[in-house]
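The values are calculated or read from the model by the stated rules, or taken from the named source; none is laboratory data. Keep in mind that what you see is a predicted model, and the values were worked out from it rather than measured. Quick note on the areas: whole protein, heavy atoms, side chains included, nothing else; ligands and nucleic acids left out. Shrake-Rupley method; radii C 1.70, N 1.55, O 1.52, S 1.80 Å.
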Amino acid sequence: MSNESQDIEIKDQVEEGTINEAGEESLMDELTQANFRIEELEQLLAASEAALEERKDVEMRAAAETQNIRTRAAKDVEQARKFALEKFANELLPVIDNMERALQGTSAEDEATKAIYEGVELTLKGFLSTVEKFGVKQVNPLGEAFNPEHHQAIGMQPSAEYPENTVMLVMQKGFILNERLLRPAMVMVSQGGASVDTQA
């Protein structure tokens with residue numbers, strides 16, 4: 001019997017429903033194997049999709065971390081640029097203090113010290129103008145409200161001239177570098193208009 005006639009005979013048997021049990025079992029085995037293969041492929045696809053999502057998440061986190069590092073580095077560079085002169089500026093403060101003391105020890109009215117006073121005053125003005133170009137500003141809060149962030153109170157006194165919590169005397173001026181306090185101003189603060197009883 002030829003192959004062609006065998007195929008026709010099997011086909012006829014399948015169509016008539018007379019195929020033997022061995023053929024049915026073989027067909028069932030093939031279907032079962034095909035179903036297992038499909039299920040296996042579906043599991044592999046799901047695992048691949050999960051791995052891809054995890055990879056995307058890792059990449060997004062890495063990109064965010066890189067951006068954070070760049071932002072922090074830029075901020076650190078900006079801070080370093082703004083405050084690189086802090087140590088140097090602190091060393092200049094005693095020089096400014098000494099020039100102001102020299103002004104207090106001389107007078108523009110006294111002929112003997114007038115030339116010294118004018119020379120020190122011009123030098124001090126030029127010096128303050130120069131350091132201000134680099135972000136150093138003097139804090140002279142006389143008559144201003146007391147600010148504990150920029151002022152250091154040495155004491156409090158009653159005063160009829162100044163309202164309560166107002167700077168009535170500056171013992172030492174403060175300094176700020178680019179909005180950062182270098183040295184607080186040392187001040188005396190008013191307790192307000194409390195009168196001092198002088199009657200015995």
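Looking at the range 55-180, what % of the alpha carbon pairs are farther apart than 23 Å? Across the range 55-180, Cα pairs with separations above 23 Å total 57 percent.
The solvent-accessible area of residue 171, taken with every protein chain present and a 1.4 Å probe, is close to 90 Å². Accessible surface for the range 35-124, divided over its residues, is 81 Å² per residue with a 1.4 Å probe.
Carbon and sulfur atoms: what percent of the 1.4 Å accessible area of the range 79-200 do they account for? Mind showing how you got there, number by number?
On the way: 4180 of 7950 Å².
Summing carbon and sulfur atoms, their accessible area is 53 percent of the total for the range 79-200.
Residues 85, 103, sorted by accessible area with the largest first, give 85, 103 [1.4 Å probe; ligands and nucleic acids excluded]. Counted over all Cα-Cα pairs of the range 126-171, pairs farther apart than 15 Å make up 51 percent.
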